[in-house]
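Some notes on the structure that comes next.
The values are calculated or read from the model by the stated rules, or taken from the named source; none is laboratory data. Just so it is clear, the model here is predicted, and its values are computed rather than measured. Neighbour counts run over all protein chains shown; Cβ positions are idealised from the backbone, glycine included. SASA here: full protein model, heavy atoms, side chains in, ligands and nucleic acids out. Shrake-Rupley method; radii C 1.70, N 1.55, O 1.52, S 1.80 Å.
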Amino acid sequence: MRGFFSRHWYAYAMVLPAVIVTGVLVVLPLLQGAYYSFTNINESNIANPVLDRPASYEFTGLDNYANVLSGDASYGSFWDILLRTLIWTFACVGLHFVIGLALALLLNRPMRGRGVYRVLLILPWAVPAFISAFAWKYMFNAQYGIINQVLRALGLPDPVWLGQSDLALIAVILVNVWLGVPFMMMTLLGGLQSISGSLYEAAEIDGATPWQKFRNVTMPGLRSVSSTVILLGTIWTFNMFAVVYLITGINPNTRLLITYAFERFFNGASRDYAIASTYGVLILSVLLVFASVYRRALRRQGEVW
């Protein structure tokens, strides 16, 4: 060990600041939040130096987890929110991948103006998310939005998109798909360009149809790239807060695990930090379980990461 550190001390010295910053900004708040989930801390019993009030919250063990996982409506109806979060996540990631792959396949072919198409398709990703969210919010406005104006002009019903109905969830899914497709498209396009052309030539010589080349050459060649972006996309979408909250606000029909944790932490007469922290730990647990199962499935297919 002494010889190892004497040879590589410079690398560790360069990494040390990043490790310290990560520990301060990520690890410590994570541990503090996990501890709060075992207490009854809220705005009325947290320490307040301005009012010279000491902390008076108590350790409650697993009571918060029992209350949340029981599905009690006063604690957010956890299982209903989890189901809505899963629908949101898989719908968004699935559409991201399918549409992104289709666009990547089109852009991977020789065509006139391909560079212009790439720039236009990547624009939604380049625009800050909050700007896009506010723009779409006004586009979905029931009275003045351009979407309903077009529907009226075509003689079709003009629904209240962002009201108390399932249309609100559909609306935010559409917005998130619009925002996420460019990243998926560019990543998959890079994967397509890394596949050797000799594989397609060999498949063509063997008389393979376009579908057979796609299934036996393209998809296996994209496996390493697609597995990574699907995992990242799932984590990002599961924790997506800005798009949902900025477009619909506090709406029961678009309430996800992450937005409900925000509601319990920042809203209400007595901000319930304990339940918000409990939801945070449960979100982390769900994602860890998903990542473990996903990694095991990939290892069975021969992918190692």
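Tabulated data for the structure shown
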{"quantity": "0 to 90° range, to nearest 10: angle between helix 78-107 axis and the chain longest Cα axis", "calculated": "20"}
{"quantity": "Net dipole in debye of segment 57-300 [+1 Lys, Arg Cβ; -1 Asp, Glu Cβ; about Cα centre; nearest 20]", "calculated": "800"}
{"quantity": "Accessible area per residue in Å² at 1.4 Å probe, computed on the chain", "calculated": "59"}
{"quantity": "Percentage relative contact order, segment 177-305, counting C-alpha pairs under 8 Å, at least six apart", "calculated": "18"}
{"quantity": "Sulfur and carbon atoms: percent of accessible area, segment 90-213 [1.4 Å]", "calculated": "69"}
{"quantity": "Most to least packed among 194-206, 270-282, 35-47 [average Cβ atoms within 10 Å]", "calculated": "270-282, 35-47, 194-206"}
{"quantity": "Calculated FRET efficiency for the pair residue 284/residue 57, C-beta based, R₀ 25 Å, to 0.05", "calculated": "0.70"}
{"quantity": "FRET efficiency estimate (nearest 0.05) - Cβ-Cβ, residue 228 to residue 293, R0 22 angstrom", "calculated": "0.90"}
{"quantity": "With Cα atoms, 0 to 90° folded angle of helix 114-126 axis to the chain main axis", "calculated": "10"}
{"quantity": "Top of 216, 64, 148 by mean-square fluctuation, Gaussian network on the chain, Cα under 10 Å", "calculated": "216"}
{"quantity": "Segments 208-214, 72-78 sorted - mean Cβ within 10 Å per residue, highest first", "calculated": "72-78, 208-214"}
{"quantity": "Largest to smallest principal axis extent of the C-alpha atoms in segment 166-305, angstrom", "calculated": "71, 31, 22"}
{"quantity": "Most fluctuating residue given options 215, 223, 84, as computed from a GNM of the chain linking Cα atoms under 10 Å", "calculated": "215"}
{"quantity": "Assigned charges on the beta-carbon of Lys, Arg, Asp, Glu; segment 156-284 dipole about Cα centre (debye)", "calculated": "280"}
{"quantity": "Crossing angle, helix 223-238 versus the chain [Cα axis fit, 0-90 degrees, rounded to tens]", "calculated": "30"}
